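Here's the structure, in structure tokens; my notes come after.
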Amino acid sequence: MSDIDPRLRERFAAYRAETVSTIAGPGPDQARRTLRWRRRARAVAVAVTAIVLAVAPIVANAALRDDGSVPVPAQTGEPSTPPPSAPAPTPSTPLTPSTTTPTSPAAPDGRISRAQLLAAPVLLPAWSSYARGCATSNVRLQPPARNQDVPTLADLDLGYTDLDGDGATETVALVTCRFGEASAKQLVAFDRDGRGRIVTMGRVVGTAEGLDDITDADVTEDGKVRAQVADIQPCCSMRSYWAQKQWRTYRWTGDGFTQSDGPRSFGRDPRLTDLVLSGGDLVLGPADADGKRPGTLTVTVTNKGPVDVAHIGFAELSLIGALIRADSSICVPWREGDESGASCRTAGLRSGERRAYTFHLLVDPTSLDQPSVRVVHFDDQDRHWMDLTYRDNHVDVRVVS
């Protein structure tokens, strides 16, 4: 079709006129209104998106914690950068440091009187093997008394010092338990617990084989215990001066007491020597009218040392017969009647010296029953001593008619 039909052209013209009059074209005002609407829509969309992005991790974390709490999100306004060297805020109220230092509770006071030890049941450490019958559990200590076979609080001053370094005082006491003619002994340390009850820390030192006695004790300011111990505990006919005594020092280790100073054993007593008696023939003469016979007894004494002996004594002579004559060197006057049993005393012997002694006696042969003689060591104070080898201080007397 080379040209439009005139009637159709008229129709198109009329339609265009009607349409243009009803449609507003995109003029400047309409364009500005459209732009403002699009900006508002975009700002709302950005804000909504930011809130969603900020809240979503918080909600997710809350869901993971399962605690149902959602922290308030931080403001999303324009970020502000603080000055690089902004000073720290000053509190309105000055902060005053506390002067109170936390401390541990004070250790209980372990100073215990004699009356308190006697009044309360106590636990004692085990006794020596030879005194196993002595009580240890729920013990009521008794005051000193004779012939007592129960644990006893000895008549010795109590010691008070800080044994374990806790800042409080503890108590040291000597406890004994009699068995036979002697007593087992132990120095015991006592304390108190948090309720004020008496408790036993432990044994400082106790009697045992080779350490037969505890004769004294004291404490030091730095928490140590000093004990005077002895190698024998005199009883029966034993003399108190026979004991060797030593001071030994003990300290608390946290688990018990251990010796920290002083000798650790008793050696051979340096005051003793070895006397040896030999011979022993009693030669009898003819009987007199009463049937008694004169007799001559000769014995030899050797001092094997290492100590010089001031005086030599002879015991059990009176069980053989009465002395009627003796050499001028024997049986000099002296104080008789001690526990040695000696009835004659004479000059002594130096270490390594030997001497024979002859006695003249009037003997009743019918009363002789396994006669014997024993030699005794005396010092210059008239004290008699034991011997290093007691078995060779004695001889049986052989009667020769």
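The values are calculated or read from the model by the stated rules, or taken from the named source; none is laboratory data. None of these values were measured; they are calculated from a predicted model. Please note: Cβ atoms are built from the backbone with ideal geometry, for glycine as well, and neighbour counts cover all protein chains shown. Note: accessible area is taken over every heavy atom of the protein model, side chains too, but ligands, DNA and RNA are not part of it. Shrake-Rupley method; radii C 1.70, N 1.55, O 1.52, S 1.80 Å.
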Search result, residues across the stretch 170-183 that are assigned to a strand (DSSP E or B), among the charged types (D, E, K, R) and open to solvent by 10 Å² or more (accessible area, probe 1.4 Å) = R178
Report the residue count in the stretch 189-203 for those that are open to solvent by 10 Å² or more (accessible area, probe 1.4 Å) and either aromatic (F, W, Y) or closer than 23 Å to K245 by Cα (or both).
-> 1
Residues located in the stretch 277-314, provided they are closer than 22 Å to Q381 by Cα and in contact with a strand residue (DSSP E or B) (Cβ under 9 Å, 6 or more places away or on another chain) = V301, T302, N303, K304, V307, D308, V309, A310, H311, I312, G313, F314
Positions within the stretch 102-120 being open to solvent by 80 Å² or more (accessible area, probe 1.4 Å) and in contact with a Gly (Cβ under 9 Å, 6 or more places away or on another chain), in sequence order | P105, A106, D109
Which strands (runs of 3 or more DSSP E) does the stretch 266-334 wholly contain that include 2 or more residues that are open to solvent by 50 Å² or more (accessible area, probe 1.4 Å)?
-> 275-284, 293-303, 322-326
Considering each residue of the stretch 191-210, count those that are within 27 Å of Y130 (Cα to Cα) and at pLDDT 95 or above, and give that number.
-> 9
Residues satisfying the stated conditions in the stretch 166-186, i.e. touching a residue at least 60 places away in the same chain (Cβ under 8 Å) and either in contact with an Asp or Glu (Cβ under 9 Å, 6 or more places away or on another chain) or farther than 21 Å from W127 by Cα (or both) = G167, A168, T169, E170, T171
For the stretch 351-379, name all the residues that are part of a loop (DSSP other than H, G, I, E, B) and in contact with a helix residue (DSSP H, G or I) (Cβ under 7 Å, 6 or more places away or on another chain).
-> P371
Residue identified as over 20 Å from T346 (Cα atoms) and at pLDDT below 95 among D382, D369 | D369
Of those in the stretch 144-169 that are outside any loop (DSSP other than H, G, I, E, B) and either open to solvent by 50 Å² or more (accessible area, probe 1.4 Å) or out of contact with any helix residue (DSSP H, G or I) (no Cβ under 8 Å at 6 or more places or on another chain) (or both), the residue farthest from G133 (Cα to Cα) is T161
Determine whether the stretch 203-212 contains at least one residue that is touching a residue at least 60 places away in the same chain (Cβ under 8 Å) and under 22 Å from P108 (Cβ atoms).
-> yes
Restricting attention to the stretch 220-256, and to residues there that are in a strand (DSSP E or B), surrounded by 17 or more Cβ atoms within 10 Å (Cβ to Cβ) and hydrophobic (A, V, I, L, M, F, W, C), which single residue is farthest from the chain's Cα centre (by Cα)?
-> A230
Evaluation of L349 against (1) crowded, with 18+ Cβ neighbours inside 10 Å; (2) of a type in the set (A, V, I, L, M); (3) closer than 16 Å to G280 by Cα (one fails), failing number = (3)
Please work out if L123 is under 22 Å from the mean Cα position of the chain (by Cα) and open to solvent by 40 Å² or more (accessible area, probe 1.4 Å).
-> yes
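Can you tell me which residue among V301, V332, V309 is in contact with a Gly (Cβ under 8 Å, 6 or more places away or on another chain) and not basic (K, R)?
Among V301, V332, V309, only V309 is in contact with a Gly (Cβ under 8 Å, 6 or more places away or on another chain) and not basic (K, R).
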Only one of D387, D392, D382, D338 is assigned to a helix (DSSP H, G or I) and open to solvent by less than 70 Å² (accessible area, probe 1.4 Å); which?
-> D392
Kindly indicate whether Q186 is surrounded by 20 or more Cβ atoms within 10 Å (Cβ to Cβ), over 18 Å from G254 (Cβ atoms) and of a type outside the set (F, W, Y).
-> yes
(1) at pLDDT below 50; (2) within 30 Å of S183 (Cα to Cα); (3) of a type in the set (A, V, I, L, M, F, W, C) all hold for A135 apart from (1)
Only residues in the stretch 139-160 that are within 15 Å of L187 (Cα to Cα) count as the first member; pair them with residues that are of a type in the set (A, V, I, L, M) and assigned to a strand (DSSP E or B), Cβ under 6 angstrom, at least 6 apart or cross-chain, and list the lot.
-> L141/L153; P151/V139; P151/V175; A154/L174; L156/L174; L158/A173; G159/V172; G159/V219
Search result, residues across the stretch 242-269 that are of a type in the set (S, T, Y) and closer than 27 Å to T200 by Cβ = T249, Y250, T253, T258, S260
